[in-house]
Amino acid sequence: MNSGISTKVIVVFLMLLVVFTGTTKAAIPLPSLNINIQESEAPEDVVYSLQILFLITIIALAPAILIMMTSFTRIIVVLAFVRNALGTHQMPPNQVLIGLALFLTFFVMSPVLSNINEHALQPYLNGNINQQEALSNALTYLREFMFKQTREKDLALFVKYAQLNRVNSLDDIPTHVLIPGFIISELKTAFQMGFIIYIPFLVIDMIVASTLMSMGMLMLPPAMISLPFKVLLFIMVDGWNLVVRSLLLGFN
């Protein structure tokens, strides 16, 4: 009895599958893909292929460009210092800190991006300049921003090891020499700000630890008691406003 029912169910299921498959093919035709690699007969095809390859390379390097050649490095390091100083572990979450750092980066870099759009991207899209001139114009504004934030000592380090003997102006410094100098300058500035941020929270930790020791509560973790006081202090002084204001003023 059960085998007969199972056979009927299987037959009905197969019939429905055939009907559904036929209906689907009739209603929604599936496209066929055909990829051919053949010899190009026109030089323009090679140029377009190289442009596509160059565009894919730029997209792949976009995260590194965003992190290393903009204000993102300093901002995200300082925000991480704030979270560690508070001792809140994963609060705010990494997604929130990275999102805040990205929007602050876009805000800080908006004048540079505006100049790049006006003097590089739009003229290139309108056909007034070629691709090389557009890249050169865009890089000019990025270099100007990085030179303002780079310490002379850090820049001289890489100029020396690059064996650039004749440097009469900033234009004589290649971009591959400027970028690492800019990065270590940003890291130094971020760590200086992080040290200043740590001081008041360290004082609270020391006071709480000394109080617990004097009361004989050696088994009670001081971090558990000091955390609410550090959060309260951060709220009372409007900590996020102060940190973001200090970051913005540091780029002016």
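The values are calculated or read from the model by the stated rules, or taken from the named source; none is laboratory data. Owing to the predicted nature of the structure, the values given are computational and were not obtained by experimental measurement. As a convention, Cβ positions derive from the backbone with ideal geometry for all residues, glycine included, and neighbour counts pool all protein chains shown. Ligands, DNA and RNA are excluded from the accessible area calculation, which covers all protein heavy atoms including side chains. Shrake-Rupley method; radii C 1.70, N 1.55, O 1.52, S 1.80 Å.
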Solvent-accessible area of Met91, probe 1.4 Å, all protein chains present, reported in Å² to the nearest ten, please.
120 Å²
Efficiency by 1/(1 + (r/R0)^6): what FRET value for Leu249 and Ser210, r their Cβ-Cβ distance, R0 = 30 Å, to the nearest 0.05?
0.30
Take the solvent-accessible surface of the protein heavy atoms, probe 1.4 Å, and return the percent of it on region 134-198 that carbon and sulfur atoms account for.
59 percent
On a C-alpha basis, how far is the centre of region 142-187 from the centre of region 194-208 in Å? Whole number, if you could?
35 Å
Within region 144-185, what residues put their amide N at less than 14 Å from the label point 7 Å along the Cα-to-Cβ vector of Leu61?
175-180
For region 188-250, which chymotrypsin sites (Phe, Trp or Tyr not before Pro) pass both filters: DSSP loop (anything but H, G, I, E, B) and at most 15 other C-beta atoms within 10 Å?
none
Give me the accessible area per residue for region 60-211, probe 1.4 Å, as a whole number in Å².
59 Å²
Carbon and sulfur: what percent of region 202-252's accessible surface (1.4 Å probe)?
77 percent
Phe103 versus Phe191: modelled label distance in nm, points set 7 Å from Cα along the beta carbon direction:
3.1 nm
Around Leu178, what is the net charge, scoring Lys/Arg as +1 and Asp/Glu as -1 over all other residues with Cβ under 13 Å from its Cβ?
-3
Output wanted: per-residue J couplings in Hz (rounded whole) for region 189-203, from phi through Karplus 6.51 cos²θ - 1.76 cosθ + 1.60, θ = phi - 60°, x for Gly and Pro.
5, 5, 5, 5, 5, x, 4, 5, 5, 5, 4, x, 6, 5, 4
Output ³J(HN,Hα) for region 88-102: one whole-Hz value per residue in order, computed from phi by the Karplus curve 6.51 cos²θ - 1.76 cosθ + 1.60 with θ = phi - 60°, and x for Gly and Pro.
8, 6, 9, 10, x, x, 4, 4, 5, 5, 5, x, 4, 5, 5
